[in-house]
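Asks: So that we are looking at the same thing, I have put the structure below in C-alpha cells.
The values are calculated or read from the model by the stated rules, or taken from the named source; none is laboratory data. The structure displayed is predicted, hence computed values, not measured ones. Virtual Cβ from ideal backbone geometry, glycine too; neighbours counted across all protein chains shown. The accessibility values were calculated without ligands, DNA or RNA, using every heavy atom of the protein model including side chains. Shrake-Rupley method; radii C 1.70, N 1.55, O 1.52, S 1.80 Å.
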Amino acid sequence: MTPTISKVIFVALVIGWYLIRYKYARRSRRERIAWSARGPAETALLLISLAGLGVVPLVYVGTAIPRFATYSFHPMFAWLGLFFAIAALGMFRLTHRALGRNWSISLDVRENHKLVTEGIYQRVRHPMYSAFWLWAVAQALLLPNWIAGFSGLAGFGILFFGRVAREERMMLETFGDSYRAYMARTGRVFPSIF
Ligand code: SAH
C-alpha cells in the first residue's frame, strides 16, 4: 500500500458511487413528485455535503492542496480505508436497489411512494446515510490530510444532522402509523439492539 494507491482507491470510490447512482437516478426521475422540501436550505446542505465528500478531497488528490494540512502516511490506515470503501459501495448499492423509484436526492414524497421496510431497510431506517458515513470514514483513512481527509465527516455530518429529523417527520406525515411502528423496531444508522 502506498500513498498513490490510497488516492487511487478514493477516486475509485467516487467513480463506483457515481456509476451506481447514475443507473438508479435515471429510473426514479420518471416518478412524479407529490410533495418536496426542495429549496435554498436543502440545496445548501447538498452543496456542503458535495464539497466535503467530493470537491475538497478530489482537489487534494489532484494537487496535494492544502499542503500545510498533510501528515505522514500509514499503510494500516489505508488498508482499513479500502475495507470501509468497499463496505460503503456495497451498502450504497443495496440501498439504491431496495429504494428503487422511491429514491430522491432531496426530501421528496413521490406520487406512488411505497414505504420500504425490507432487506437492508429491515433493521435500519437510514442505511443510505450509513453508507455515506462509511464513505466519510474511508476518506479520513485513505487521505493523510487533516482537511481533505476529514471534510467528508464534517460535510456529510452537516447534511445528516440538518436533515434526518425533518425526513422522519415527512415520513410520519406521509405514512403515519406504519412509519411509527417501523421507527419503533429500527435504528437510525445502526440496527437497534433493544
Ligand atoms: N434516509 C434514507 C433514504 C435516503 S434517500 C436512507 O438513508 O436510506 C431520501 C428519500 O428517500 C426521501 O426523500 C424519502 O422520501 C425516501 N425514503 C426514506 N426512507 C424511506 C423508506 N423507508 N421507504 C421509502 N422511501 C424512503
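Asks: Among the residues of region 94-133, how many are closer than 15 Å to Tyr182 by Cβ and of a type in the set (Asp, Glu)?
Replies: Residues flagged as closer than 15 Å to Tyr182 by Cβ and of a type in the set (Asp, Glu) within region 94-133 amount to 1.
Asks: Listed residues Ile5, Ile9, Ile20; which is over 16 Å from the mean Cα position of the chain (by Cα), assigned to a helix (DSSP H, G or I), modelled with pLDDT of 95 or more and under 29 Å from Ile120 (Cα atoms)?
Replies: Only one candidate qualifies: Ile9.
Asks: Can you tell me how many residues in region 102-151 are away from the ligand (no atom under 14 Å from the Cβ) and open to solvent by 30 Å² or more (accessible area, probe 1.4 Å)?
Replies: 5
Asks: Condition first: farther than 30 Å from Pro3 by Cβ, in contact with a Gly (Cβ under 8 Å, 6 or more places away or on another chain) and not in a helix (DSSP H, G or I). Can you find one or more residues in region 125-147 that meet it?
Replies: Yes; the residues of region 125-147 include at least one that is farther than 30 Å from Pro3 by Cβ, in contact with a Gly (Cβ under 8 Å, 6 or more places away or on another chain) and not in a helix (DSSP H, G or I).
Asks: Still on this model: Which pairs do you get when a residue that is closer than 10 Å to Ser6 by Cα, found in region 69-84, comes within reach of a residue that is surrounded by fewer than 17 Cβ atoms within 10 Å (Cβ to Cβ) and of a type in the set (A, V, I, L, M, F, W, C), reach meaning Cβ atoms under 7 angstrom, with the pair 6+ apart or on two chains?
Replies: Pro75/Met1; Ala78/Met1; Trp79/Met1
Asks: Could I ask something else about it? Out of (1) loosely packed, with under 15 Cβ neighbours inside 10 Å; (2) farther than 18 Å from Ala131 by Cβ, the odd one out for Phe190 is which?
Replies: The failed condition is (2).
Asks: Give all pairs with beta carbons closer than 6 Å in which a residue from region 31-48 that is in contact (Cβ under 8 Å) with a residue 60 or more places away in the chain meets a residue that is part of a loop (DSSP other than H, G, I, E, B); count only pairs at least 6 apart in sequence or on separate chains.
Replies: If the second residue must be part of a loop (DSSP other than H, G, I, E, B), the pairs left are Arg32/Glu111; Ala34/Glu111; Ala37/Leu107; Arg38/Ser106; Glu42/Ser106.
Asks: Moving on. Taking into account only those residues within region 27-79 that are assigned to a helix (DSSP H, G or I) and among the charged types (D, E, K, R), which is surrounded by the most Cβ atoms within 10 Å (Cβ to Cβ)?
Replies: Glu42
Asks: Turning to a different aspect of this structure: Where the second residue is more than 9 Å from the ligand (Cβ to nearest atom) and open to solvent by less than 10 Å² (accessible area, probe 1.4 Å) and the first is of a type in the set (A, V, I, L, M) and lies in region 91-109, which pairs have Cβ atoms under 6 Å and are six or more apart or on separate chains?
Replies: Close Cβ pairs satisfying both conditions: none exist.
Asks: Let me ask something else about it. Any idea which of Arg123, Arg180 is without any contact (Cβ under 8 Å) to a residue 12 or more places away in the chain and more than 26 Å from Leu47 (Cα to Cα)?
Replies: Arg180
Asks: Within region 84-101, can one find any residue that is β-branched (Val, Ile, Thr) and either away from the ligand (no atom under 16 Å from the Cβ) or touching a His at 6+ places or on another chain (Cβ under 8 Å) (or both)?
Replies: yes
Asks: Are any of the residues in region 82-90 under 13 Å from Arg21 (Cβ atoms) and assigned to a loop (DSSP other than H, G, I, E, B)?
Replies: Checked region 82-90: no residue is under 13 Å from Arg21 (Cβ atoms) and assigned to a loop (DSSP other than H, G, I, E, B).
Asks: Answer yes or no as to whether Ala44 is out of contact with any strand residue (DSSP E or B) (no Cβ under 9 Å at 6 or more places or on another chain), within 29 Å of Arg110 (Cβ to Cβ) and modelled with pLDDT under 95.
Replies: Here the answer is no, as Ala44 does not meet what is asked.
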